[in-house]
Amino acid sequence: MEKFTKESMKQAIADKLRINFGCDVEEADRGSVMKACAMVLRDRMSINAVDTRSKIRKKQLRQVHYMSLEFLMGRSLMKNAYNLGVLEPMRAALEDMGFKPGGIFDMEPDAGLGNGGLGRLAACYMDSLATLEIPACGYSICYELGIFRQRIVDGQQMELPDNWKDQGDAWLIPKPDEVEEVHFGGTLREFWDGDRLHVVNEGYTRVLAVPCDMSIAGYDTKHTNTLRLWDAKSPTPIDMSAFNQGDYLRAGEERAMAEAIAKVLYPEDNHYEGKSLRLRQQYFFVSATVQSIVRKHIQAYGTVTNFHEKNVIQINDTHPALVIPELMRILMDDAGLDWETSWNITVNSVAYTNHTVLAEALERWPQDLMQSLLPRIWQILCEIARRWQTKVEQYYHDEAKTRNMAVIWDGEVRMANLCIAGGMAVNGVSALHSDILRSDVFKDACGMEPGKFKNVTNGIDHRRWLAEINPGLDSLIRDLTGGDDYLRHPGTALPKLDKFAKDKEVLTRLGQIKHANKLAFAKFAKREQGVIVNTDAIFDVQVKRLHEYKRQLLNVMHIVHLYLQLRDNPNMELRPHTFLFGAKAAPGYAVAKRIIRLINSLADQVNNDPICKDKLQVFFMENYRVSMAEVLMPASEVSQQISTAGKEASGTGNMKFMMNGALTVGTLDGANVEMHEVLGDENMFLFGLKTEEVKEVRDTGYNPYRLYSRDASLHRVLDQISSGFRDGVRYDDITERLLFGGGSTADEYMLLADFASYCAAERRMVETYADQAKWNQMSLHNIARSGIFAADRSIADYAETIWNVPYKK
């Protein structure tokens, strides 16, 4: 296949416009041009994907199936063009055709099929799987509406539908010939045929799972994998009898119920209907996926008995956990295998990645819901639970441990325990997180089966999160390391930067690149939100999902502390400081939404107080998303990674900031621990209690009110937050929650305990920033030592320690 030139790219785009949109270049709008560009690349990737699948079949390679309810893909046009090596011809072609390339790329919506780090990680891993030439397919739901579009109205988060498919569906290829049928409800009929028990599900409701495939191009390779997204359809478009009788709502009821499954990512589940829909989503996604994998395996090998030798199913968090009983169902009910054979295949096919230590995030489903919605799955779960419980009892002879490790207990199905019982491996996503899983969260399970527990520290797609989004830094790295080797081997190429740490010319250039990126973000912020950002100020950034353990509120407390100092002494020397927040709160998470409102109240106060002019700014960036991060990360100078020690599994934002030269103010939590191992105290700003100290303080009777009473600065900060700011909104509910609990543990995430240490770390950071040569030197060290956090390294770890598959070195 010949390479694209500027002229051949122009011709290909023009042809797509004529054939698919019925217009020529002069008539085309930017949206049509964007889609035409996507289709040109899609065609190239589709050809490569066919060749890749043919190679896999011929060599009978083991395949990885990566299952995740979230894939936060962001925009794909520039990414795919970059990986295919045609970004420059495409830019040149668009310019020749009279379009600004940036304007065309900006027409693509973010494919927001994820909520945060979990979905973004999955997207990064798909890129690395293809780049390392590992035969793989990702699976999820083709949500009509992704993560909501956030609007801030009167300081409060409002959720609007995010209809990404209007422009983003150019990448999707429907495969109606590979539809799977998923069954819900009904009754079970059992009968014996010789010595085999047959179980038949009858009277069920059918939902069709229609695959929509998205090709995933690797970097500098023709190897192309697939992300398969399942759309939900009713087998009966309309009840004609009801329609003809004028009952139009009932006529479309079955279709509406089926299509609700793929309507929205994470429907609110604080009511029975929401819980039922979430469970339907999970089983729909799991059943369609497993049926598809098994069907293709049988087509290739004619038997399922070697399934575990040719397939590995990696489940990303507990959402796909029903893959275990569903695979058992197919192997027994459809393939006719006995329990022992089916179980051996299943436990040697499935691996589980845990992403949390928070008890509320370890999914549990009510028995009655599981039993009524998935009767055969419930039956299989009961047998898995019985056998697992017997194994635990025979090993420990301890009722407390049996209860802790049970798959079904007290009317609930515990999905994490199901994953441990039914999988070959359980991995955490940072060294600290994996240690906590072994020593605390899954201590008893690890004691019984220690060989199952692994660690694979998360990683990021450094080609996207450095080379593509930060061209100035990319150019510097190429100049200093002698080429583009870092794009494939960041772990060996990036450390070469360390030797330039005392080179004044290099450090000056690094500072100039950062300032240019700050100017670019300021332009973006002005266009998107109408705000004027001081580019001479420190860009101090905290962008991530809004959760109490991530402690955006601690950041707020420090800003209030600074503001009160400035009010006391308007002439005090204060280095200009711009605090930038970006976060979405889950629609039903009331406390998180209150914290967003508090940030906006504080921003309104600070940005309208003349005392703060040219000294202090606070901005909450509305609708934080991948495409915003791609502008903000290169501009950021300070990365706030301030979660309570022991609560963050890993984090990936911390890695993206580090790779773009931002310095971290953070706790020893998640992957910050491994960052600290390569950076040392001298290249980041650590503060706060360590994981074991958090437990000690809590166990010895932590009293946040005592701290409030003794620390005058803290007392004043909380009083100011309680009484509110110029908009008249009080926040005493937040301060009472910190001091007294208000229905939960008082200061559950230890903000007051870490407040003084955090303020001191921020002071050290500001003092260091005054010496720009020193700052840029630290920044260079961060970039140089970030290579270990590349997703390529993570995927290589999975390939070697869990999947047992070869990969391109």
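The values are calculated or read from the model by the stated rules, or taken from the named source; none is laboratory data. Quantities reported herein were computed from a predicted structural model and do not represent experimental measurements. Positions of Cβ are generated from backbone atoms using ideal geometry, with glycine treated the same way; all protein chains shown enter the neighbour counts. Calculation scope for accessible area: heavy atoms of the full protein, side chains included, ligands and nucleic acids excluded. Shrake-Rupley method; radii C 1.70, N 1.55, O 1.52, S 1.80 Å.
Listing for the model above:
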item: Student exercise, region 574-694 dipole from Lys, Arg, Asp, Glu Cβ charges, in Debye to nearest 20; result: 600
item: Only Lys, Arg (+1) and Asp, Glu (-1) charged, at Cβ; region 99-160 dipole about Cα centre in debye; result: 80
item: Ranked by how many other beta carbons lie within 10 Å on average, peptides 639-650, 277-288, 402-413 from highest; result: 639-650, 277-288, 402-413
item: Average projection area in nm² (convex hull over Cα atoms of region 542-663, one quarter of hull surface); result: 8.0
item: Restricting region 335-367 to GluC sites (Glu not before Pro) in coil, as DSSP defines it, with at most 12 other Cβ within 10 Å; result: none
item: Charge dipole (debye, nearest 20) of the chain; +1 at Cβ of Lys and Arg, -1 at Cβ of Asp and Glu; result: 1340
item: Farthest positive-ward along the chain dipole, Cα basis, beta-carbon charges - from LEU480, GLN157, CYS137; result: LEU480
item: Debye equation applied to the C-alpha atoms of the chain, log10 I(q)/I(0) at 0.09, 0.10 Å⁻¹; result: -0.92, -1.14
item: Helical contribution to [θ] at 222 nm, DSSP H n ≥ 4, -39,500 (n - 2.57), averaged over the chain, rounded to 500; result: -14500 deg cm²/dmol
item: Per-residue HN-Hα couplings for region 382-398 [Karplus 6.51, -1.76, 1.60; θ = phi - 60°; Hz; x = Gly/Pro]; result: 4, 6, 4, 4, 5, 5, 5, 5, 4, 4, 5, 4, 5, 7, 9, 6, 9
item: Tensor-based shape of region 24-149 (alpha-carbon gyration tensor, a/c under 1.5 rounded, otherwise prolate or oblate); result: oblate
item: Kirkwood Rh in Å, taken over region 471-617 so that all alpha-carbon pairs contribute; result: 18.1
item: Spatially proximal lysines relative to LYS16 (Cα-Cα < 28 Å; intrachain offsets below 8 disregarded); result: LYS3, LYS6, LYS35, LYS79, LYS100, LYS165, LYS175, LYS222
item: With all protein chains modelled, accessible area of TYR798 [1.4 Å, Å²]; result: 0
item: Rounded accessible area of SER54 (nearest 10 Å², 1.4 Å probe); result: 30
item: Spatial separation of Cα centroids for region 218-234 and region 360-380, in angstrom; result: 30
item: Lys/Arg +1, Asp/Glu -1 at C-beta; the chain dipole; positive extreme among LEU369, TYR396, MET107; result: MET107
item: Heavy atoms of PHE521: accessible area, 1.4 Å probe, square angstrom to 10; result: 0
item: Shape of region 314-365, Cα gyration tensor, a/c cut at 1.5; result: prolate
item: Largest to smallest accessible area among ILE477, ILE298, ILE173 [probe 1.4 Å]; result: ILE298, ILE173, ILE477
item: Normalised contact order of region 568-712, rounded percent, pairs of Cα under 8 Å and 6 or more residues apart; result: 17
item: Kirkwood Rh in Å, taken over region 667-809 so that all alpha-carbon pairs contribute; result: 18.7
item: Relative contact order %, the chain, counting alpha carbon pairs below 8 Å whose residues are six or more apart; result: 13
item: Average Cα contact separation per residue, region 95-189, under 8 Å, 6 or more apart, as relative contact order %; result: 26
